[in-house]
Amino acid sequence: MKVNVLRLDHRRVRDARITTHVCLTARAFGASKVILSGDEDKKIMENIRDVVKRWGGDFEIDYVKKWDKFIDDWKNNNGEVVHLTMYGEPVQEVTSKIRKSSRDKLVVVGGSRVPSKVYQEADWNVSVTNQPHSEVAALSIFLHTLFDGEEYDIDFNDSELKVIPTAHGKHVITRKKTI
């Protein structure tokens, strides 16, 4: 099962930092790709590609102008849609059902206002608490629950940089990337 993330309604001027964090979180927690909708933002896309180059992995980022067509195409190609919202079923109760299906997942992370079509088209509307919170927090908790903690063991072995865990200080090694 591949997991991709659709970031709805990115606004270049206002959302650059939060969208960047959505992308970084998706990558670190095991997603394969982020698809941006809203404003096309080549700077964020370049920055994320640079992170992948330096820190490793096969993570991708792309842009779609028409998110609704993208969701329709995803579903028509046998994919499932998981919408993260504070109005959905509790993550701790529904994730095991989601995990049982081997079909690829599209995790939809909202923007300023989520259209009702997203709620209607989603196979699952999933809540990480029913209180206002960050889409980055919801994404990390959902992916952690979906992957059952296995994302902690992802090996980004083709990286130029690698952090060596240490109790104090910073230990980063630099290595040449093989092509």
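Only the coordinates and a few stated rules stand behind these numbers; no lab work does. Remember, predicted model here, so these are calculated numbers, not experimental data. Neighbour counts are summed over all protein chains in view; Cβ atoms, including those assigned to glycine, are modelled from backbone coordinates with ideal geometry.
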Problem set entry | Glu40-Thr129 FRET efficiency (beta carbon distance; Förster radius 22 Å; 0.05 resolution) | 0.10
Problem set entry | HN-Hα J in Hz across segment 78-84 - Karplus 6.51, -1.76, 1.60, θ = phi - 60°, x for Gly and Pro | 6, x, 10, 10, 10, 9, 8
Problem set entry | Ascending count of other beta-carbon atoms within 10 Å, so fewest first, for Glu150, Glu80 | Glu150, Glu80
Exercise. Order of Tyr152, Tyr119 from fewest to most other C-beta atoms within 10 Å?
Worked result: Tyr152, Tyr119
Exercise. Mind checking which of Ser112, Ser96, Ser140 has the largest fluctuation in a GNM of the chain, springs on alpha carbons under 10 Å?
Worked result: Ser112
For this session: Treating only the Cβ atoms of Lys and Arg (+1) and Asp and Glu (-1) as charged, compute the dipole magnitude of segment 41-82 about its Cα centre; round to the nearest 20 debye.
Result: 220 debye
For this session: Between Ile18, Ile35, Ile61, find the one with the highest GNM mean-square fluctuation for the chain; connect C-alpha pairs within less than 10 Å.
Result: Ile18
Seminar exercise, completed: Candidates Val108, Val118, Val13; GNM for the chain (alpha-carbon contacts under 10 Å) flags as most fluctuating Val13
Exercise. Applying the Karplus parametrisation 6.51 cos²θ - 1.76 cosθ + 1.60 with θ = phi - 60° to the phi angles of segment 121-138, what ³J(HN,Hα) value in whole Hz is obtained for each residue in order, glycine and proline being reported as x?
Worked result: 7, 5, 6, 9, 9, 10, 10, 10, 6, 10, 10, x, 7, 7, 5, 5, 4, 4
For this session: Treating cross-link reach as a plain straight distance, find the aspartates and glutamates whose alpha-carbon is under 17 Å from the alpha-carbon of Lys53, omitting any fewer than eight places away in the same chain.
Result: Asp62, Asp155, Asp158, Glu160
For this session: Over every pair of different alpha-carbon atoms in segment 4-86, take the mean of 1/r and invert it; report that Kirkwood radius in Å.
Result: 13.2 Å
